[in-house]
């Protein structure tokens, strides 16, 4: 992988710049450890740092992983002390866990609350409540009664369920049959956490969690679908996660997922043409406009690319400037460069094998 210049990487290391997560690993010569760009440990002098494109190369050079930033974990991945609890939550229909339940498992409730607030923007209890309400929504759509769904979701009163349901979704439980909900879940990737969204029909969102325009994208998605976004599971997420892991591992070149792409006719046509760019290849915005049959519409094509809500899967990262410059990517230029390098590397390896 192509690394940024050393001054840029050192500045990112000193400033703990989250935009460079996944771009490089820093090896500290004086301690023999390697760190993420965002490590909170004391920063070494510039002459005491060397840089690697991956943890495997840092390990091969004799460095050991930092115990502060845990570089062997994917960014956004749950820490070891929390994983068993999350597994239990995933396997439990309509999970209800009070602080006393957490303490009985040897887990500090404030610690869980801080982790969820930092990584998901909501508390652990709000997360559980969203899961229960999401499950109730699904049961009501399948024909279960509102009262039965309320008690299965752990509510002791129908009025409390109705109030909580409407506050979360924006509509009454009795309207579930005609309303649309987008389930949301964060997924850890080598480039940092991503926010995934799916309706019953398929995946409709995959964006980097730190993208500045993410909130606006979510609101436009809700408006386009006439839907509300709620944290909760979806049968589409397991397959999306599996295919993303294969893509980053170099064993998948084409995604095979059910997608929901609401937009104007022009936007949908642009996104369709995006998906025809071969793995490991790039096109300029002008070439993309020509492929669309609109050679003078390169600016409009660029705007439509920017409105793509399903990053990586719909490969807008494969469109570059006519000069060859890597620019115009909502997830950050460094991520775009990483994805292009990844595809080029594995495409070349595949051709040579």
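Scanning for something closer than 30 Å to residue 27 by Cβ, more than 19 Å from the chain's Cα centre (by Cα) and without any contact (Cβ under 8 Å) to a residue 12 or more places away in the chain, does the range 101-109 turn up at least one residue? No, every residue in the range 101-109 fails to be closer than 30 Å to residue 27 by Cβ, more than 19 Å from the chain's Cα centre (by Cα) and without any contact (Cβ under 8 Å) to a residue 12 or more places away in the chain. Checking each residue in the range 2-19 for being assigned to a loop (DSSP other than H, G, I, E, B) and under 24 Å from the mean Cα position of the chain (by Cα) picks out 2, 3, 4, 16, 17. Could we say that residue 80 is assigned by TED's automatic domain parsing to the domain that holds residue 133 and out of contact with any helix residue (DSSP H, G or I) (no Cβ under 6 Å at 6 or more places or on another chain) here? It is true that residue 80 is assigned by TED's automatic domain parsing to the domain that holds residue 133 and out of contact with any helix residue (DSSP H, G or I) (no Cβ under 6 Å at 6 or more places or on another chain).
Of all residue pairs spaced 6 or more apart or on separate chains, those with beta-carbon atoms under 7 Å, a first member in the range 189-216 that is over 16 Å from residue 259 (Cβ atoms) and a second member that is part of a loop (DSSP other than H, G, I, E, B) and at pLDDT 95 or above are 208/311.
Applying the set (1) assigned to a helix (DSSP H, G or I); (2) modelled with pLDDT of 90 or more; (3) over 30 Å from residue 234 (Cβ atoms) to residue 348 leaves exactly one unmet item: (2).
The values are calculated or read from the model by the stated rules, or taken from the named source; none is laboratory data. Keep in mind that what you see is a predicted model, and the values were worked out from it rather than measured. Note that we place each Cβ from the backbone using ideal geometry, even for glycine, and neighbour counts take in every protein chain shown.
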